[in-house]
Amino acid sequence: MDDINRTDGQTQLLGSSNDLEVRTGGNDQAFVYFNVTSLTDEGVDEGGLSAGTVSVTDTADSAGSTSTFSSNSGVTVFYFSVTDGDDDGIVTVDTASITGVNAGSASEASSLTYDYAATVGSSPSSDFDSSNGNAPGSSDQQTGSFAIASDAGSPNPSGDDTNFDNGGIVFVGQTASYDAADADDNSADGGYQLFEREDSDTGTPVRSLSVDSNGFVNVSTSGLDTGTTYYISNNNEPTTPSNADIRFTLRAMDFSADFAEDTVDNTGETEVDLELASTNRQSDFNVTVESDDLDDEELVQIFSEFGAFDADVDADGETDDEDGVELTVDNGEQELLTDFADIDGGEYNFTFSVTDTDAEADASITVNDVGEGELDLQNSTTTVTQGGVALITVELSDAATSGTLVIGDEAEDGYQANVSIVDDDDDGEVTVAFNTYRAGNGSLGSPVALAGDSAGEDSLTFDEQDDQTNLTNLLDSGDYIVSVSTSNASNTLDSPDNVGTLVLTEPEAPNQVLWRTSGAVLEDAEDADDEDRAAAIVSAVENEQVTQTDTLAVDPDGTNSDVLVHQLLRRVRDRHPRQQRRVR
C-alpha cells in the first residue's frame, strides 16, 4: 500500500518507492483517476477541492494538472492526464497534488483509503464505477489502494502546525493555531493578544496576534519560555486569565533514537532494531533523517520498515538533492528493523529531527564490512582406520553460515558423499562424524552425523540413499579428497573454497597374549555382576592368580586343569564381504 502524505495544504500522491508507474499500453496518452470519496465522506468540502500540479520523472514525458468531477453515482474523483513522450509505454509520476482540503476535516482524513485506476486514450472517462472503484473503458486499467496520512495535528490549510485543546500542550518549535472563526463569536473584532499566565488572576501581554484569511490565530513558539502557560484573548479585561479564549502550556518534546546494537554487518545478518520514541507525545509524528555519508536512496533502504521516502528536507523545492528522507513514528513510539545490506563499511551518524518541533536526536552505528565468507577445514588431513569414524571440522568465516562438505570424488575415488551443513549456533564451526563402516551402504543408516559441540546445536542434511555413492564393499583404504564451499555439491567439486584429505589406513592384525588361571577364579568371574566382572579379573591378575604363560597344566580327569585366557590387544570390527577392491 502506497503512502499519500499531506503537506502545506496539499495531498501529495506518491506511488511505490515514491513514484507511481503508469503503463500507457502503447498509446500516447492515458488518464489516472483517484477515487477520493472517502475524503468527502469525512466532511471535506468537495467544492473547495481544486487542481494541483503533477510532475513526471522522464523529461520526455509530460502530465497535466489535476481536475475533479463527481459522477452520477455520487463518487468523487480527481484525475490528471499523462503523455508518453518517448513512446516507451511507461510514464512515471513523481508527485501529484490536489488542494483545498478544508481545515476541519484534515485530522479525520488520517488513515483513509481510496482506489486509483488508469485508462488510455485522449479523453477521460467520467463513469467511475462505485461498486468496484475502477475507472472503466479499457482493459489496460490498473487498480489498487492508497492510504492517506496527514501531519499529526495540522488540519490548518495555511500550513500552521498544530491545533490544540484548551489547556493542552504545544511543543517548542510548533506554531499553535487557534481556529478563532469557528470557536469565537467575536473573532471578526480581531484584537487578539498572547498573554503569559502569571497566576490565576494575572496575565502579562507578550505580543499582538492577527487573524489569517482562514480564520486562524497563529502563535509562533519562537522566543517563548518552556514550561510556561500562555493564553490567547480578545475579550474584555484580557489580562485576567479567566477571560482567555484558549490557553496552552509550552513544553519541550522529549525524543530519542536508539539502535539496539552498536554494530551491524553489511552482509549476512544485516538488520538491527531502531527505536524512535517520545515520552510526552503519544500521537503520530513525522521525522526527517539525515546522514552526511549516505545518499537518499541508501537512507530509504535502511529505514524502509518505517516507510521512509525521499522528501524535500531542506525545503528548497527539490526532493532528489540528497538532503535526507522522511518517515512517520506511530503513536509516539516505534521499534522496527533497519537494514544495512550492501552499505559500505564505516561509522555512520544519523540526525533524526521531528518535522514540526525542535526535537532532535542523534544515533550512530558502525557497519562492519563483511565479506561473503568461505568454508575451510580445521585439519587439512584426517586419518582414520578403515571401518572407523573420522571427525571432520568445517570452519565458516565472515558471513558464511552454511555450505557443503563433499567427502570423496566419485570420478576419482569411486565414492562421494554430499553433506549440507548449517552453523545454527553461529560459532563458526560444524563438526561432522563420518562413519567409514556405513559409507556406501544405505541399509546401515546414515554415515554422517553431527559430533562434538555441533551435536544438538547445528544441522546437516543428508540422504543415505541419494547423497552418496552406493558400494557393495567396505569403503576401501586410501586417500579421499575432501572439499568444502558455501555453494552446492556440484560447485563445491568444481570450485571449492578449500580442500583437504581423508586417509583411510588398513587395519592391523590383532595381537594375542595367553594367560592361565584356575577354575575357581573363572567361577568367581562368571558369578560376578557385569559391572564387577572386570574388577574381579584385574584383582586376580594383581594377586598372581592369573599369569601369563605358554604352557597349560591338564588334569587327565578334567577336574583340576588350568583355564586358558586369551587377551586381544586390538579389536577390529567385522567388515562387509568384499565383491571388488580397487588398487590405489
task: Could you order VAL287, VAL521, VAL499 so the one with the most accessible surface comes first? Probe is 1.4 Å.
output: VAL499, VAL521, VAL287
field: Point-to-point label distance, ASP479-THR202, nm (Cα→Cβ direction, 7 Å offset)
entry: 10.0 nm
message: At 1.4 Å probe size, put GLU395, GLU318, GLU305 in order of accessible surface, largest to smallest.
response: GLU305, GLU318, GLU395
Heavy-atom accessible area ranking, 1.4 Å probe, most first, across GLU526, GLU544: GLU544, GLU526
- prompt: Over the heavy atoms of GLU374, what accessible area does a 1.4 Å probe trace out, to the nearest 10 Å²?
  reply: 80 Å²
message: Given axes a ≥ b ≥ c from the Cα gyration tensor, I'd like to know whether the range 347-432 is rounded (a/c under 1.5), prolate (a/b larger than b/c) or oblate.
response: prolate
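Efficiency by 1/(1 + (r/R0)^6): what FRET value for GLU360 and THR263, r their Cβ-Cβ distance, R0 = 25 Å, to the nearest 0.05? All intermediate terms of the calculation are to be shown ahead of the outcome.
Details: r = 24 Å, r/R0 = 0.95.
Efficiency, from the Cβ-Cβ distance: 0.55.
Rank by packing, highest mean first: peptides 469-480, 201-212, with packing defined as the count of other Cβ atoms within 10 Å averaged across residues.
Order by mean packing, descending: 469-480, 201-212.
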- prompt: Taking 0.36 nm per residue of separation and subtracting the Cα-Cα distance, what length does fully extending ASP532 through ASP88 add?
  reply: 150.9 nm
- prompt: What accessible area, in Å² to the nearest ten, does a 1.4 Å probe give for TYR79?
  reply: 40 Å²
task: Kindly report, to the nearest 10 Å², the accessible surface of ASP494 as traced by a 1.4 Å probe over protein heavy atoms only.
output: 120 Å²
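The values are calculated or read from the model by the stated rules, or taken from the named source; none is laboratory data. Nothing here was measured: the structure is a model prediction, and the numbers come from that model. Virtual Cβ from ideal backbone geometry, glycine too; neighbours counted across all protein chains shown. Heavy atoms of the whole protein, side chains included, go into the accessibility calculation; ligands, DNA and RNA do not. Shrake-Rupley method; radii C 1.70, N 1.55, O 1.52, S 1.80 Å.
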